[in-house]
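The values are calculated or read from the model by the stated rules, or taken from the named source; none is laboratory data. In this text the structure is predicted, and so the values were computed from the model without any measurement. A quick note on method: Cβ atoms are made from the backbone with ideal geometry, for glycine too, and the neighbour counts reach across all protein chains shown. Keep in mind that these areas ignore ligands, DNA and RNA; they rest on the heavy atoms of the full protein, side chains included. Shrake-Rupley method; radii C 1.70, N 1.55, O 1.52, S 1.80 Å.
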Amino acid sequence: KLKKLFTKAERIISLRNLRPKKKEGFLKIISIFSFLGIMLGVAILIIVMSVMNGFKTDLTKKILGLNPHIVIQPNSFKIEEDFLLKLKKEFKEISLSKSYFGEGIIISNDNAKGVILKGINKNEKNIIKFFKNFIISGDLNNFGANKVFIGSEMAFNLKLSKGDKLNLMSSAFISTPLGSLPKQESFQVAGVFNTGFLEFDQNIVFLNIEDALSIFDKEIEDQNIEIYLPDPLDANRYKDKIQMINQNFFIYTWSDLNKSLFSALKVERNVMFIILSLIVVVAAFNIISGLTILIKNKTKEIAIFKTLGLSNKAITKSFFLTGFT
C-alpha cells in the first residue's frame, strides 16, 4: 500500500529527512521530544480511559449483583400463569422469580428508620447465589416465617445483630377501633449481609414473600416477576419484546433504575476523552514545528529536486511521509 501511495523517490527523500546530518542535530532533538510527547499523550489517554471503563464495569457488576435485570409489575392487572408460560416458552434462557417490595419503617431499640421491605423466595437460585456471596452472619436455612435479613450498615446504625427482635411497619393501613393504623408485625433478625454498596446495606430488609404480602395486605397475584438474563446488557431488548406480549404490565430494567448514574458516567467519560485527546493534539504541534524547521533547512535541496523534474506534489508527499512516520 505504501508503494502505491508513494513513489520510490518520495520514500528515499523521506528516509533521508529522517536521518539528519550532524549539523542538523537540533532537528533530531525536536524529533525525539515530538515522539515522547505523542507517546505520553496516547499513554495517558489509554490509561485514564481504561480506569474509567474499569470503574463503570465494576459499578455495573455490583448493581447487577444486587438487582434483578428486568422487573414486571402487575399494574392493577393480574399476572396470569399463561403469561409466565409464554415467557418461559419464548425466552428459554431467562430465569424467573417472584417477589414483592414496598416502603416501610423499621422500629428497634427506640430507633426508627425508613426502609425498603423486599419479600423473596429463599429457594430461588438467584437468591441463594446472592446470600452465598454477601452473607456475613446467620444462615439461609434459618430464614423462615417472621425472620428477616438486614444490611450491615443498618445493623450497625440500629445496634442489631442475629437473633434480635424488631418491628416492621408497612404503608398498608388496617381498620381498628381507634381508626386506620399502619400494619405492624414483629420479626427476628435471621442474619446480616454486606454487599459493600452503602445505599443497599442501610436501606434494604429481606423477608419471606408470604410475610411481605401479609404486612402489605396483598394477595399472591400482586407479586412482581423478576427476570434474570444471561447477558444483562440485553435487558432493554428483552423489555421491548416482553412489552409486545402484554402491554398492560409495567416493565422496567436495571438500567432504567440507574439511568441518571450511568448518564453522568457517560458524560464524564466523553469529556475526559476530549480533554486528553487535546494532549495528543498539542504534542502533534511539536512535529509541525520540527517539519517547518526541516523544510526551511532543505530549501536548496528542494530547488535541486525541482530542477531534476520532481513535482511540487511529490515533494509535499515526501515531507508528509516524514511527518507521518
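Taken over the Cα atoms of the chain, the convex hull encloses 219 Å³ per residue.
Over the chain, with every protein chain in place, what whole percent of the accessible area is carbon and sulfur at 1.4 Å, could you tell me?
60
Note on the range 119-175 and the range 178-221: Cα centroid distance 8 Å, given to the nearest whole angstrom. Counted residue by residue at 0.36 nm each, then reduced by the alpha carbon distance between them, the extension gain from residue 19 to residue 145 reaches 37.1 nm.
The orientation-averaged shadow of the Cα convex hull for the range 135-282, equal to a quarter of the hull surface, comes to 14.8 nm².
Taking all protein chains into account, the per residue accessible area for the range 182-242 stands at 42 Å² (1.4 Å probe). Taking only the Cα atoms of the range 103-192, the ratio Rg/Rh comes out at 1.00, with Rh defined as the Kirkwood radius. Packing, taken as the mean count of other beta carbons within 10 Å per residue, orders the peptides 141-148, 86-93 from highest to lowest as 141-148, 86-93.
Modelled this way, with points 7 Å down the Cα-to-C-beta line, the labels at residue 8 and residue 312 are 2.8 nm from one another. Eigenvalues of the alpha-carbon gyration tensor of the range 102-141, scaled by 5 and square-rooted, set the equivalent ellipsoid semi-axes at 25, 14, 8 angstrom, largest first.
With a Cα-only, solvent-free Debye model of the range 114-161, what are the log10 I(q)/I(0) values at q = 0.14, 0.19, 0.32, 0.33 Å⁻¹? Rounded to two decimals, the profile gives -0.37, -0.68, -1.42, -1.42.
Heavy-atom accessible surface of the range 47-144, averaged per residue, reaches 57 Å², computed with a 1.4 Å probe.
Its Kirkwood hydrodynamic radius, worked out from the mean inverse distance over all distinct Cα pairs, puts the range 273-325 at 12.6 Å. The orientation-averaged projection of the convex hull spanning the C-alpha atoms of the range 230-325 amounts to 12.0 square nanometres. Placing one equal scatterer on every Cα of the range 6-113 and applying the Debye formula, the log10 ratio I(q)/I(0) at q = 0.18 Å⁻¹ is -1.07. Highest mean packing first, where packing is the average number of other Cβ atoms within 10 Å per residue, the peptides 268-277, 219-228 line up as 219-228, 268-277. As a calculated quantity, the FRET efficiency between residue 324 and residue 176 at R0 = 56 Å, using C-beta atoms, amounts to about 0.10. In terms of packing, defined here as the mean over residues of other Cβ atoms within 10 angstrom, the peptides 195-204, 151-160 line up highest first as 151-160, 195-204.
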